[in-house]
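The values are calculated or read from the model by the stated rules, or taken from the named source; none is laboratory data. Just so it is clear, the model here is predicted, and its values are computed rather than measured. Quick reminder, even Gly has a Cβ in these numbers, built from the backbone with ideal geometry, and neighbours come from all protein chains shown.
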């Protein structure tokens, strides 16, 4: 057993070394994770590198966040003035940049023409169209950044044409979509916990790997049909889940390694996988070719993009399929039996090790599909899985640890809560509210909605 | 590859401000996990409220540094109570998830517009360290050298104070763990039911441990702010907690000197890998590669040597829970 573990560790080590050497070419200049607060969202004004004359410059970029992906915005009108007198004006280029030379060092005001912004974005602060007191030093260029938010999320008046009801319905629908995605990814986490007692911290990385595999096959240069790419992603991550179980967790269980120890090992595995992805894939946020804006469909007060509708329908079908599988098939019954009582299940002739592998493969496949959907609605990036992981934990604990149905129910609630919070609160906090729900649930009903009391305490 | 400079910077990092700050925070985590068996995966939250407690007091309220330190200690103690009262009655893994969630939620709030009046959000809170640096006997800008070690005067002053705090914390832990109080903590770690059946209020002991360890984390946050002077909430992501766990387990959980040794070895390796990896593979993202290796190290340690360098395998039986 020790020899086998040693071999696994050696393989891992070699894999990491290979990763390091190949990653140099893959991400020659990949910067460390860009501080999200310093991309589009700040009215940070800092001195840029010195040039011969004084100027004020900047780049107008869309918000980081769902769908926005921080894309540069062209055709926005920017004006520089001093003591009310206009100094110069400029329109942003295709890459969102603008530069306005100023005659002399001094204090200037920079104003953005809100009407020239596209309808999909607005200023984060309603009164933020003017940045006063930009002081330009001799022979230097100042950078002025206007913080933007997606329409309806900033402090400005919501864009015209959308009634309150339509807005709320839209938010609830995106909450449902987000919740279904969390549910799909969380089932594997919950089933693994139910059957082995392991809290698998590396589950988020399955989500990211799934999204990335689909991205690599589904976009240029390969550009295979997206369905094929998704199926490949599901197969790859299912395989990965099974491999991790057979090569890592099973030997550890046979060795009698404690659950706490395995929990910490899974954290190590998560760090290793996540940063290996960062090394190979880089830190940029990518979009699937399929995630552009589409013409919305309208059903009464409900308007939804066809892509989102597809995601919701496919997710519901898959979740119902999983439920039927758990209820009706031999494999599903064995999984539930194992969750209920491992010894009894083993005594009644269930091949426990095989069922556990099936759980890992199933959970991995579902995580991959959820990852692709999450990538479609937000973006594909290296730590997307980790961002989703805490939401999964919140959903699972809310629903009841170890119960697959609880995971589905709890996740949907978490999705609606986190998206719904954006009606009243800034969207930067949507995950924080979901995490607070988690803590409140632990306070009042630690076993969750569908959990049994014995699991707590 | 310039081995001389790689080793020189690795050796300097080994005793540098960050090693000291992480050692101090890891001593608090060691009290939580190593001595009490609490699975605290949100230790970064204590460090963060300490860092911003002192920062806000100085920058936003114009208080003196000493009041700032008091605010930081109170803030981390209150956080420990808020976190501990609901979760310490639950099973260990619930505490783990609750603490990591609380840490993340707190970071998001600190970065949000709501708390901007207190924390400046993404714009950074500072400068907070001028009063501290004015007390320094060293010349802040000068570089002091001794053999392979070289530090700026600023950093040297941070190191002197923080390592002194580490020493005080170690002595305190040594005294506490020899006391009846420490014995109860260890019995809670080994067998909670046995401790309870002997009439000990396990919940209260866990809470005391959480508060004391949290305050040590808060003090580490204070020194962090004194070091960087301008603090950003984004600094305090879960990575900090994971580093602290590696440090504690590497040195040996449940040992007085474990976190200190762990921090020194960790920051030596961290500094060494930085130079070594960029020398080995030019253009590599050393930040990502190092953290990947930290993850691998955490796995290997847990599989082959869960007791760490100094640990006593008989005492730390993680399997029992």
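Screening residue A:137 with (1) at pLDDT below 75; (2) crowded, with 23+ Cβ neighbours inside 10 Å gives one miss only, at (2). For the criterion of being under 23 Å from the mean Cα position of the chain (by Cα), assigned to a helix (DSSP H, G or I) and either within 14 Å of chain A (Cβ to nearest Cβ) or at pLDDT 90 or above (or both), residue B:39 fails. Only a single item in (1) more than 22 Å from residue B:310 (Cβ to Cβ); (2) modelled with pLDDT of 95 or more is not met by residue B:195, and it is number (2). The criterion of being surrounded by 15 or more Cβ atoms within 10 Å (Cβ to Cβ), over 20 Å from residue A:185 (Cα atoms) and within 14 Å of chain B (Cβ to nearest Cβ) does not hold for residue A:302. Confirm whether residue B:284 is within 10 Å of another protein chain (Cβ to nearest Cβ), in contact with a helix residue (DSSP H, G or I) (Cβ under 6 Å, 6 or more places away or on another chain), assigned to a helix (DSSP H, G or I) and over 19 Å from residue B:163 (Cα atoms). Answer is no for this residue. The conditions of being assigned to a helix (DSSP H, G or I), under 31 Å from the mean Cα position of the chain (by Cα), touching a residue at least 60 places away in the same chain (Cβ under 8 Å) and over 30 Å from residue A:167 (Cβ atoms) are met by residue A:365.
Here A:457, A:399 are screened, and the one residue that is away from chain B (no Cβ under 13 Å), modelled with pLDDT under 90 and more than 18 Å from the chain's Cα centre (by Cα) is A:399.
Considering the conditions (1) buried (at least 19 other Cβ atoms within 10 Å of the Cβ); (2) under 21 Å from residue B:222 (Cα atoms); (3) out of contact with any strand residue (DSSP E or B) (no Cβ under 6 Å at 6 or more places or on another chain), residue B:70 is excluded by exactly one of them, (1).
Kindly indicate whether any position in segment B:52-60 is within 19 Å of residue B:212 (Cα to Cα), surrounded by 23 or more Cβ atoms within 10 Å (Cβ to Cβ), within 14 Å of chain A (Cβ to nearest Cβ) and in contact with a helix residue (DSSP H, G or I) (Cβ under 6 Å, 6 or more places away or on another chain). Checking segment B:52-60: not a single residue is within 19 Å of residue B:212 (Cα to Cα), surrounded by 23 or more Cβ atoms within 10 Å (Cβ to Cβ), within 14 Å of chain A (Cβ to nearest Cβ) and in contact with a helix residue (DSSP H, G or I) (Cβ under 6 Å, 6 or more places away or on another chain).
Considering (1) surrounded by fewer than 22 Cβ atoms within 10 Å (Cβ to Cβ); (2) at pLDDT 90 or above; (3) touching a helix residue (DSSP H, G or I) at 6+ places or on another chain (Cβ under 8 Å), the lone condition that residue B:278 does not fulfil carries the number (2). The sole residue among A:201, A:215, A:193 that is within 14 Å of chain B (Cβ to nearest Cβ) and out of contact with any helix residue (DSSP H, G or I) (no Cβ under 6 Å at 6 or more places or on another chain) is A:193.
Out of curiosity, is residue A:294 touching a helix residue (DSSP H, G or I) at 6+ places or on another chain (Cβ under 6 Å), modelled with pLDDT under 95, assigned to a loop (DSSP other than H, G, I, E, B) and more than 21 Å from residue A:183 (Cα to Cα)? Criteria met by residue A:294.
Just for helices (runs of 4 or more DSSP H) wholly inside segment A:159-275: which have at least 2 residues that are touching a residue at least 24 places away in the same chain (Cβ under 8 Å) and farther than 30 Å from residue B:246 by Cβ?
Numbers: elements: A:164-196, A:203-218, A:226-244, A:250-254.
Correct list: A:164-196, A:203-218, A:226-244.
Do we have any residue at all in segment A:442-449 that's modelled with pLDDT of 90 or more, surrounded by fewer than 21 Cβ atoms within 10 Å (Cβ to Cβ) and more than 9 Å from chain B (Cβ to nearest Cβ)? Among the residues of segment A:442-449, not one is modelled with pLDDT of 90 or more, surrounded by fewer than 21 Cβ atoms within 10 Å (Cβ to Cβ) and more than 9 Å from chain B (Cβ to nearest Cβ), which makes the answer no. Under 29 Å from residue B:90 (Cα atoms) and touching a helix residue (DSSP H, G or I) at 6+ places or on another chain (Cβ under 9 Å), is that true of residue A:359? Spelling it out, residue A:359 is indeed under 29 Å from residue B:90 (Cα atoms) and touching a helix residue (DSSP H, G or I) at 6+ places or on another chain (Cβ under 9 Å). May I ask you to list the residues in segment B:294-309 that are more than 14 Å from residue A:248 (Cα to Cα), more than 7 Å from chain A (Cβ to nearest Cβ) and in a helix (DSSP H, G or I)? Within segment B:294-309, B:297, B:301 meet the criteria.
Output the residues belonging to segment A:256-281 that are surrounded by fewer than 21 Cβ atoms within 10 Å (Cβ to Cβ) and more than 8 Å from chain B (Cβ to nearest Cβ). Give the derivation first.
At the first step, the residues of segment A:256-281 found to be surrounded by fewer than 21 Cβ atoms within 10 Å (Cβ to Cβ) are A:256-259, A:261, A:280.
Hit for segment A:256-281 is A:280, nothing else.
On the basis of being surrounded by 22 or more Cβ atoms within 10 Å (Cβ to Cβ) and not in a loop (DSSP other than H, G, I, E, B), does residue B:261 make the cut? Step through it out loud before you land on a result.
Working: surrounded by 22 or more Cβ atoms within 10 Å (Cβ to Cβ): no; not in a loop (DSSP other than H, G, I, E, B): yes.
The answer is no for residue B:261.
With respect to the conditions (1) more than 11 Å from the chain's Cα centre (by Cα); (2) in contact (Cβ under 8 Å) with a residue 24 or more places away in the chain; (3) part of a helix (DSSP H, G or I), residue B:253 falls short on a single one, namely (3). Exactly one of these conditions fails for residue A:335: (1) within 14 Å of another protein chain (Cβ to nearest Cβ); (2) in a helix (DSSP H, G or I). Give me its number. Every condition holds for residue A:335 apart from (1). Taking residue B:125, is it within 14 Å of chain A (Cβ to nearest Cβ), on the phi < 0 side of the Ramachandran plot and either touching a helix residue (DSSP H, G or I) at 6+ places or on another chain (Cβ under 6 Å) or without any contact (Cβ under 8 Å) to a residue 12 or more places away in the chain (or both)? Taking the combined requirement at face value, the residue satisfies it. Restricting attention to segment B:50-97, the residues that are under 30 Å from residue B:192 (Cα atoms), in a helix (DSSP H, G or I) and in contact (Cβ under 8 Å) with a residue 40 or more places away in the chain total 15. Quick one: is residue A:220 buried (at least 24 other Cβ atoms within 10 Å of the Cβ), farther than 28 Å from residue B:40 by Cα and more than 10 Å from chain B (Cβ to nearest Cβ)? Taking the combined requirement at face value, the residue does not satisfy it.
Can you name the residue in segment A:117-134 that is touching a strand residue (DSSP E or B) at 6+ places or on another chain (Cβ under 7 Å) and assigned to a loop (DSSP other than H, G, I, E, B) and, of all such residues, is modelled with the highest pLDDT?
Step one: list which residues in segment A:117-134 are touching a strand residue (DSSP E or B) at 6+ places or on another chain (Cβ under 7 Å), which gives A:120-124, A:129-134.
Keeping just the survivors that are assigned to a loop (DSSP other than H, G, I, E, B) gives A:120, A:124, A:129.
Details: A:120: 68, A:124: 67, A:129: 74.
Per the stated criteria, the residue is A:129.
The helices (runs of 4 or more DSSP H) found entirely in segment B:119-220 that carry 2 or more residues being touching a strand residue (DSSP E or B) at 6+ places or on another chain (Cβ under 8 Å) are B:153-178. The numbered conditions (1) closer than 14 Å to residue A:175 by Cβ; (2) surrounded by fewer than 23 Cβ atoms within 10 Å (Cβ to Cβ); (3) more than 11 Å from chain B (Cβ to nearest Cβ) are all true for residue A:405 except (1). Selection of segment B:81-117 for residues being more than 7 Å from chain A (Cβ to nearest Cβ), buried (at least 17 other Cβ atoms within 10 Å of the Cβ) and within 24 Å of residue A:145 (Cα to Cα) yields B:107, B:110, B:115.
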